[in-house]
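**Q** To start, I am sharing the structure in question, which I have written as C-alpha cells.
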Amino acid sequence: MSQNGPLKTYRAKRNFKKTAEPQAKKLKRTPKTKAPIFVIQRHEATRTHYDLRLEITGVLKSWAVPKGPSLDPAVKRLAVETEDHPMEYAQFEGVIPVGNYGAGPVMIWDYGTFENIKKDSLKKCYGQGHIEFLLHGKKLIGTFALIRTHLSESKPAWLLVKMKDEYASATKNPVKSKTKSAKTGRTMKQISKEG
Ligand code: MN
C-alpha cells in the first residue's frame, strides 16, 4: 500500500478489516475543470455532530460541527478541524461498528459541489485560515465562510458562518427540518438498522 502523506492519520485511526469506511489506497484527484465537491455527514458517534468536508488539494478537508450549519449570519458555529479524509469518503453512508474509531451511524445529510468565491486558491485560503465558498447542495445553497480562530497541531478550531445572501435566514433551520439522507432518503434509524 502506498503511504502518501495526507491520509496517514485517517488510516492510522481505522482498522479496515472491521470498518466499511473507504480505505483509499491512492489519492484521487478531480480534474481541474470539475467543480470541487463537498459533503456534510450527520454522525451519531459518542456525540452527534455534522462532518463538513470540502475537496481541497485532492483530499476532503474535514471539520466536525457539533450543531451543524446555520442559515443565520448572526450565528457562529464551532467547527473543529479533523483529519483529512479520502475523496471516496463522500460516498460513505452506513454504520461504523462498535469498538472502532467514530463508532455509530453516518448519514450523507447533504452533498454537491462548491465554488471558491475568493480570488486566492482554495489551498491558499485554507492555509490562511479563511475560506469563503458557495455551496450547491441538495439542501444547502448559498455562501458560507470558515474562519480559523485557534491554531493547534491536533485540532484547530474554526467557525462556520453563513454569509449574507438571498439564502440566509434567521428562521429556517434545515438541520431540524430536513433530517433524511440527501443520498438515499433514509432516516438515521433506518441507517442504524440497515447499515
Ligand atoms: Mn465524525
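**Q** State which entries of K18/K193; K118/K138; K138/K172; K34/K139; K13/K118; K119/K172 exceed 27 angstrom in Cα-Cα distance in the structure shown. Write down the numbers at each step before the final one.
**A** Working: K18/K193 17 Å; K118/K138 23 Å; K138/K172 15 Å; K34/K139 21 Å; K13/K118 33 Å; K119/K172 30 Å.
Violating the 27 Å limit, Cα to Cα: K13/K118; K119/K172.
**Q** For the chain, modelled as a Gaussian network with Cα springs under 10 Å, which listed residue fluctuates most, S169, S62, S154?
**A** Judging by the Gaussian network model, the answer is S154.
**Q** Another question about this same structure. For the pair T48/S192, report the inter-label distance in nm, with labels modelled 7 Å from Cα in the Cβ direction.
**A** Label-label distance for T48 and S192, simple model: 0.9 nm.
**Q** Shifting gears a bit: Please list 3J(HN,Hα) in residue order for the range 132-142, calculated via the Karplus relation 6.51 cos²θ - 1.76 cosθ + 1.60 where θ = phi - 60°; whole Hz, with x for glycine and proline.
**A** After applying 6.51 cos²θ - 1.76 cosθ + 1.60, I find 10, 9, 10, 8, 10, x, 7, 10, 9, 10, x Hz.
**Q** Additional query: Between V80, V59, V98, which gets the highest mean-square fluctuation from a Gaussian network model of the chain, Cα cutoff 10 Å?
**A** Looking only at V80, V59, V98, the largest GNM fluctuation is found for V98.
**Q** Rounded to whole Hz and in sequence order, give me ³J(HN,Hα) for the range 153-167 from the Karplus expression 6.51 cos²θ - 1.76 cosθ + 1.60, θ = phi - 60°, writing x for Gly and Pro.
**A** After applying 6.51 cos²θ - 1.76 cosθ + 1.60, I find 5, 8, 9, x, 8, 10, 10, 9, 10, 6, 8, 6, 7, 5, 9 Hz.
Values quoted throughout were computed directly from the atomic coordinates according to the rules given, and no laboratory measurement underlies them. Note that the structure is predicted; figures quoted are calculated from it, not measured. Note: ideal-geometry Cβ built from the backbone for every residue, glycine included; neighbour counts use all protein chains shown.
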